[in-house]
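Okay, structure first, notes after.
The values are calculated or read from the model by the stated rules, or taken from the named source; none is laboratory data. Every value quoted in this text rests on a predicted model; they were computed, and no experiment measured them. Cβ placement follows ideal geometry from the backbone for every residue including glycine, while neighbour counts extend to all protein chains displayed. Keep in mind that these areas ignore ligands, DNA and RNA; they rest on the heavy atoms of the full protein, side chains included. Shrake-Rupley method; radii C 1.70, N 1.55, O 1.52, S 1.80 Å.
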Amino acid sequence: LRDNRIELVRASWHELSISVSDVSLSDEGQYTCSLFTMPVKTSKAFLTVLGVPEKPQITGFTSPVMEGERMQLTCKTSGSKPAADIRWFKNDKEVKDVKYLKEEDANRKTFTVSSTLDFLADRSDDGAVVSCRVDHESLNSTPQIAMQVLEIHYTPLVKIISSNSWPEEGQSIILTCESKGKPVPEPVLWTKDGGELPDPERMVVNGRVLSISFLNKTDNGTYRCEAKNPIGRNSTEYVLIVHDVFNTLLPTTVIPSLTTATVTTNVALTASTTTSATATSIRDPNALAGQTGPDHALIGGIVAVVVFVTLCSIILLGRYLARHKGTYLTNEAKGAEDAPDADTAIINAEGSQVNAEEKKEYFI
């Protein structure tokens, strides 16, 4: 061996060692060590040289890419021996559906390997990191990696968020129009029922926020938020329904008056009539919305009032009869009914007891 890269390390009767620096593919082959004895003795060994793959490169990306366009990214590395392995990753998640191609280099010893990633651009891919990783036994478990950050342009995505899920008359509401797109959308446009906002004094637009104060029934309608950028435009709608305050406040103000009402004998008829009339127009505040069942609490209240009025009437009638004592004639006064005057009645009365004491019975 006559090469400046080959150096004699150790020489003795028992051992001969050499070292080769700056190894190249040409150093691959069979090496022979001979011992000049009679006869000559030899030993052979085959040296295999690995081809280290070059740093990979990603091609085929043009920025920016429109949403829906097809993207073809190619990762390529050469000089590997044996052929290197290429793997694709998107945000650290491996992509399996790729094309793999291996070609032999001009020296017929190393290989050029390429892999193609083919997919449709989506807005979810914007900002994603696509990496190409090359694995080879010569890299000592330290793969070579090439990365590409994707930039996807797409039309705005619009959504309206309401600050009040049950708006009532006199209250205020804030509608926020969230728009996300690339490039960033221009200031949004607010409309009501296909036209401009009818009351600029109460309907104030600040950027993407629409504020409506002192709500009333005229504010009912469909509010549209529209956003656009150089790629396109998009919009969404929100239907505003202003609810009547009376329907929600009436049960809480009328029911207590029914439970604390005092019924007297002078207004017993009026109280019972008013209770019945009110009962037909009052809803149970604890009842579910849209439920059409009997109001048991209200029926119980009416029954209690009727029973109370009946008891009061019986008591008053008893007291009236007790104070007005009823009298009737006994057998001793029979025959006096047809007398023209009191004297004749006494003479005609059975028993002819002029001074007899009148018999009376009392009902208590």
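Over 26 Å between C-alpha atoms is what I'm after, so list which of Lys55/Lys109; Lys96/Lys159; Lys44/Lys109; Lys180/Lys217; Lys90/Lys180; Lys93/Lys159 land there. Before the final figure, lay out the partial values.
Values: Lys55/Lys109 18 Å; Lys96/Lys159 35 Å; Lys44/Lys109 22 Å; Lys180/Lys217 32 Å; Lys90/Lys180 22 Å; Lys93/Lys159 30 Å.
From Lys55/Lys109; Lys96/Lys159; Lys44/Lys109; Lys180/Lys217; Lys90/Lys180; Lys93/Lys159, over 26 Å: Lys96/Lys159; Lys180/Lys217; Lys93/Lys159.
Per the 1.4 Å probe, what fraction of the accessible area of segment 153-238, in percent, lies on carbon and sulfur atoms? Kindly include the intermediate steps, with their values, before the conclusion.
Details: 2500 of 4840 Å².
So the carbon and sulfur contribution to the accessible surface is 52 percent.
What do you get for Rg/Rh over segment 4-45 if you use C-alpha atoms and the Kirkwood form of Rh? Let's see the in-between values first.
On the way: Rg = 12.4 Å, Rh = 12.0 Å.
Looking at segment 4-45, the ratio lands at 1.03.
Given a 1.4 Å probe, how much area per residue of segment 153-238 is accessible, in Å²?
Values: 4840 Å² over 86 residues.
Value for segment 153-238: 56 Å² per residue.
With a 1.4 Å probe and all protein chains left in place, how much of the accessible area of segment 4-45 comes from carbon and sulfur atoms, in whole percent?
On the way: 2060 of 3740 Å².
In segment 4-45, the share of accessible area belonging to carbon and sulfur is 55 percent.
Evaluate the relative contact order of segment 153-238 (contact order divided by residue number), counting alpha-carbon pairs under 8 angstrom at least 6 apart; express in whole percent.
On the way: 190 pairs, mean separation 33.3, N = 86.
Relative CO of segment 153-238 lands at 39 percent.
Please report the carbon-and-sulfur percent of the accessible area for segment 55-149; probe 1.4 Å, protein heavy atoms only, DNA, RNA and ligands left out. Don't skip to the answer; put the middle values down first.
Values: 2610 of 5570 Å².
Answer for segment 55-149: carbon and sulfur cover 47 percent of the accessible area.
To the nearest 10 square angstrom, how much accessible area does Glu7 have with a 1.4 angstrom probe?
In the full protein context, Glu7 sits at about 110 Å².
Compute the signed sum of charges (Lys and Arg +1, Asp and Glu -1) over the other residues within less than 12 Å, Cβ to Cβ, of Ile58.
On the way: positive: Lys55, Lys76, Arg133; negative: none.
So the environment of Ile58 carries a net charge of +3.
Using a 1.4 angstrom probe on the protein heavy atoms only, could you order Met71, Met38 from most to least accessible area? Kindly include the intermediate steps, with their values, before the conclusion.
Values: Met71 10, Met38 185 Å².
Reading off the accessible areas and sorting them downward yields Met38, Met71.
Calculate, for segment 55-149, the solvent-accessible area per residue in square angstrom, rolling a 1.4 angstrom probe over the heavy atoms of the protein chains.
Working: 5570 Å² over 95 residues.
The answer is 59 Å² per residue.
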